[in-house]
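Here's the structure we're looking at; comments come further down.
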Amino acid sequence: MANALTPGIFKAYDIRGLAGTEIDPGGAELIGRAFTRVIAKQEGKPASTLRLGLGRDMRLTAPEMAAAYREGMCGEGATVLDAGQIGTEMLYWLVGSRDLDGGLMCTASHNPKPYTGAKLVGRGAIPLSGEKGIQEVRARIEAGMGDPPGAGSVETVSIYEPFHRDVMNFIDPQAVKPRRVVVDGGNGMAGPMVGPLLEQLGLDLEENYWTPDGSFPDHEPNPMLPENRDFIMREVKAKGAELGIAWDGDADRCFFIDDTGRFVDGDFLTALLAESMLSKEPGATILYDVRASRAVADTVERGGGRALMNRVGHAFFKPRMREESAAFGGEVSGHYYFREFYCADSGTLPALLILELISVRERSMSELLEPYRSRYFISGEINSEVEDQQAKIEELSSRYSDGRQHRLDGLSVDYDNWRFNVRPSNTEPLLRLCLESLSSEADMKRRRDDVLEVIRS
């Protein structure tokens, strides 16, 4: 395979690599062609009858790369609906709302400036993953594509207005009370995607890094990293704001800072969103990932809902959301899925729903979080370099054999007052640990250190 398309770019959940060296426009065109053939096979019809969505983020290389993907898709005969510069979830919405055969989003998500890539979905915005589709794209390219048949076409579409109208229906805008909110778009797609909705709600907005700019002059668009959220945490306190919200680069994930300037863990945000969804749909089914605090299942069950644990990753959440008709699913990494949004993840809907929730409850974010923070003490995800991951998992299984164990995703061990999950990384020699105590912060730290000693010995 040519240097313009190195094998390592085909990841578990997307295609991602360094622009120009690992993937260039020539490689992107081949990906567009192979993707179209994979969708044609899935749909069981000729490529010339396909209708495929296309979007791109604010990366400096995105216009050229998106044009190459488009040329590849058209080269196979497909009709491409090109939505231009949009957030990733808007591509999902385009595919779902217009019942397209599939779609390609030109994005490198939260990755640093030099990266480019693509997220691929089929009908219903169901993702292609490493196991189901992405490796087939790679295999088709490696086998040789031949000359493109051509004859495809492009339709330029403008989707901001209908997207905004559709997502605003998830809440009662009149219920949202005016409040000071600090937002950080990370120079990604949140500004144009979410900004107009927040303005409609009459908020006192403090906008930061709100204009898309692929040079990222301020900080990388990844709020999961502490150094990238320091700014908004300080700003919430300095401005006396009631809430802070930050998005990643392609804006399909959002992260919250409470009114005290404290970061809101994804476990507890999932629990709050579950509360919101259960108030709208009593008895609803809610999915949560194996890493999550017991707070999620406890909240859902206490609210009369059905809580189901799930494997980590959108390729596992989205199909099961459909199988179970789950109203909502949440991952601790900030991916939140909604049945009425084509079971796709959204960075817009959590922002709207939390603003509605704190208004309806007439309580601050820190007050809503206090019952969780005072009962569930969580470590967050901790990575350790381990060469033989499976052997270490078996060692942990033996060491903690007196606990209740399951292997849904890695190894989970549950005791009455504490639990942990350890999972191997898909792409690196790492084990990822999440541990929780229901006793105290000190107990969590002690047990965390004990488990890490086993992992790292």
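The values are calculated or read from the model by the stated rules, or taken from the named source; none is laboratory data. This is a predicted model, so every value here is computed, not measured. Don't worry about glycine lacking a Cβ; one is built from the backbone with ideal geometry, like all the others, and counts go over all protein chains shown.
Checking F231 against (1) surrounded by fewer than 20 Cβ atoms within 10 Å (Cβ to Cβ); (2) closer than 27 Å to R419 by Cα, which single condition isn't satisfied? With respect to (1) surrounded by fewer than 20 Cβ atoms within 10 Å (Cβ to Cβ); (2) closer than 27 Å to R419 by Cα, F231 is out only on (2). Within region 379-390, the set of residues being in a helix (DSSP H, G or I) and not polar (S, T, N, Q) is empty. Counting only helices (runs of 4 or more DSSP H) that fall entirely inside region 276-378 and contain at least 3 residues that are farther than 28 Å from M105 by Cα and of a type outside the set (A, V, I, L, M, F, W, C), the qualifying elements are 294-302, 349-361, 365-373. Scanning region 97-119 for residues that are surrounded by fewer than 24 Cβ atoms within 10 Å (Cβ to Cβ), of a type outside the set (S, T, Y) and part of a strand (DSSP E or B) gives no hits.
Conditions tested, residue by residue: (1) closer than 16 Å to L357 by Cα; (2) among the hydrophobic types (A, V, I, L, M, F, W, C).
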| site | (1), (2) |
| --- | --- |
| D252 | no, no |
| I257 | yes, yes |
| G266 | no, no |
| L269 | yes, yes |
| L272 | yes, yes |
| K280 | yes, no |
| A292 | no, yes |
| V296 | no, yes |
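Taking the residues in region 257-291 that are over 17 Å from the mean Cα position of the chain (by Cα) and basic (K, R) as candidates, determine which candidate is surrounded by the most Cβ atoms within 10 Å (Cβ to Cβ). Applying the filter and picking the extreme gives R262. Of L225, L243, all but one fail to be in the same structural domain as V300 (by TED's automatic domain parsing) and in contact with a strand residue (DSSP E or B) (Cβ under 7 Å, 6 or more places away or on another chain); the exception is L243.
In region 62-85, is there at least one residue being under 17 Å from the mean Cα position of the chain (by Cα) and in a loop (DSSP other than H, G, I, E, B)? No, there is no match, as no residue in region 62-85 is under 17 Å from the mean Cα position of the chain (by Cα) and in a loop (DSSP other than H, G, I, E, B).
Annotation: R432 fulfils all but one of (1) outside any helix (DSSP H, G or I); (2) in contact with a Phe, Trp or Tyr (Cβ under 8 Å, 6 or more places away or on another chain); the unmet one is (2).
Among the residues of region 61-73, is there at least one that is within 24 Å of E340 (Cβ to Cβ), touching a residue at least 60 places away in the same chain (Cβ under 8 Å) and touching an Asp or Glu at 6+ places or on another chain (Cβ under 9 Å)?
no
Total residues in region 15-60 satisfying the condition of being surrounded by fewer than 22 Cβ atoms within 10 Å (Cβ to Cβ) and assigned to a loop (DSSP other than H, G, I, E, B): the figure is 8. Tallying residues that are among the polar types (S, T, N, Q) and either more than 18 Å from L5 (Cα to Cα) or modelled with pLDDT under 95 (or both) within region 112-134 yields 1. Considering region 355-406 alone, what residues qualify as being acidic (D, E), surrounded by 15 or more Cβ atoms within 10 Å (Cβ to Cβ) and assigned by TED's automatic domain parsing to the domain that holds T260? If the condition is that a residue be acidic (D, E), surrounded by 15 or more Cβ atoms within 10 Å (Cβ to Cβ) and assigned by TED's automatic domain parsing to the domain that holds T260, then E356 is the only one that fits.
Criterion applied to S425, S439 was being in contact with a strand residue (DSSP E or B) (Cβ under 8 Å, 6 or more places away or on another chain) and modelled with pLDDT under 95, and the one residue passing it is S425. Here T6 meets each of (1) buried (at least 22 other Cβ atoms within 10 Å of the Cβ); (2) modelled with pLDDT under 95; (3) among the β-branched types (V, I, T) with one exception, condition (1).
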